[in-house]
Amino acid sequence: MQVLYILFGAMFAYLLGSVPTAVWWGKAFYNVDVREHGSGNPGATNTFRVLGKRAGIIVMLADIVKGMVATSLAVPLMNLGFIPEANLVTFKIIFGVIAVTGHIFSIFLNFKGGKGVATLLGMMVAVNYEVALISIAIFIVTLLVSKYVSLASIISALAFPSILTFIPRFKTSEPLLIIFGFFLFIVIVWTHQKNIRRIVDGEENKTYIIKKRESD
């Protein structure tokens with residue numbers, strides 16, 4: 001019976017992660033399929049580019065919530081006695097990874113999807129919110145300096161496991177958490193291969209959080 005509930009939780013995490021927020025929101029409120037515009041990626045970054053800040057923020061927040069909720073499914077399962085308290089972090093990681101996988105390989109989009117950064121962020125918040133907030137700060141600073149969302153995503157993804165490994169204040173006793181962090185960093189790099197090539201070639205689109213003032 002315990003295994004059945006855990007499998008049900010895993011299935012729900014995948015379906016939740018698979019929800020193509022950018023595509024559904026764009027079609028419902030703008031009559032636009034973001035996959036047909038911009039970079040063609042059904043994620044928050046392309047939504048910002050195609051539909052504007054308001055839609056981009058909504059999609060990004062929704063994707064973050066997906067990751068948080070899916071990862072946190074381990075908590076009620078623990079409270080109900082289906083998961084040992086000692087294994088809570090392990091199952092949070094499992095459900096979170098499944099949700100991110102769902103976002104990247106969405107069953108609603110023929111197993112195609114976004115790059116999973118916002119969903120991963122939600123997962124990080126649910127696993128360790130302090131280190132996640134530091135990673136978010138690193139993301140924002142990198143974006144402000146470089147103007148590249150992809151580069152900011154990669155650096156902030158690397159920051160999460162690095163902080164857990166090397167900063168005494170945040171060192172974790174959960175080795176699986178560190179392994180997971182570096183694994184997902186590799187996943188983020190893999191999903192951003194095209195962006196990395198465009199950065200090297202000087203062709204990557206820049207994102208300006210603070211718009212430059214037009215000269216008089």
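Results, tabulated for the structure shown:
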read-out	value
Helix 149-166 vs. the chain, principal-axis angle (Cα, 0 to 90°, nearest 10)	30 degrees
For the chain, calculated [θ]222 nm from helices alone, where every DSSP H run of n ≥ 4 adds -39500 (n - 2.57)	-22500 deg cm²/dmol
Proximal charge balance of residue 131 [Cβ under 13 Å; K/R count +1, D/E count -1]	0
Of 92/171; 92/112; 27/112; 66/92, those spanning more than 20 Å from alpha-carbon to alpha-carbon	92/112
Solution diffusion estimate, µm²/s, Stokes-Einstein, segment 1-82, Kirkwood Rh from C-alpha pairs, 10 °C, viscosity 1.306 mPa s	115 µm²/s
Qualifying GluC sites (Glu not before Pro) for segment 122-216 [loop in DSSP, other Cβ within 10 Å: at most 13]	203, 214
For the chain, the longest site-free run once chymotrypsin sites (Phe, Trp or Tyr not before Pro) in DSSP loop states with at most 15 other Cβ atoms within 10 Å are removed	1-110
Computed log₁₀ I(q)/I(0) - Debye formula, equal Cα scatterers, no solvent, the chain, q 0.10, 0.12, 0.17, 0.18 Å⁻¹	-0.45, -0.64, -1.19, -1.31
Acute angle (nearest 10 degrees) that the helix 88-104 long axis makes with the longest principal axis of the chain, alpha-carbon atoms	40 degrees
Where trypsin sites (Lys or Arg not before Pro) in DSSP loops with at most 12 other Cβ within 10 Å are excluded, longest remaining stretch of the chain	1-170
For segment 128-209, the spread of Cα positions along each principal axis, largest first, Å	42, 24, 16
Dipole moment magnitude, nearest 20 debye, the chain about Cα centre, only Lys, Arg, Asp, Glu C-beta charged	420 debye
Fewest-first sequence of 119, 21 by Cβ atoms within 10 Å of each Cβ	21, 119
Nearest-ten-degree value, helix 2-18 long axis tilted from longest Cα axis of the chain	0 degrees
Test item: Cα-centred dipole of segment 1-127, Lys/Arg +1 and Asp/Glu -1 on Cβ, debye	340 debye
Cα-based reach from residue 147 at 19 Å (exclusive), listing lysines while leaving out same-chain residues under 8 positions away	53, 115, 194, 206, 211, 212
Rounded Å value of the spacing that divides the Cα centres of segment 118-144 and segment 41-71	15 Å
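Values quoted throughout were computed directly from the atomic coordinates according to the rules given, and no laboratory measurement underlies them. Bear in mind that the values here come from a model prediction, so they are computed numbers and not experimental data. No Cβ is skipped: glycine too gets one built from the backbone with ideal geometry, and neighbour counts run over all protein chains shown.
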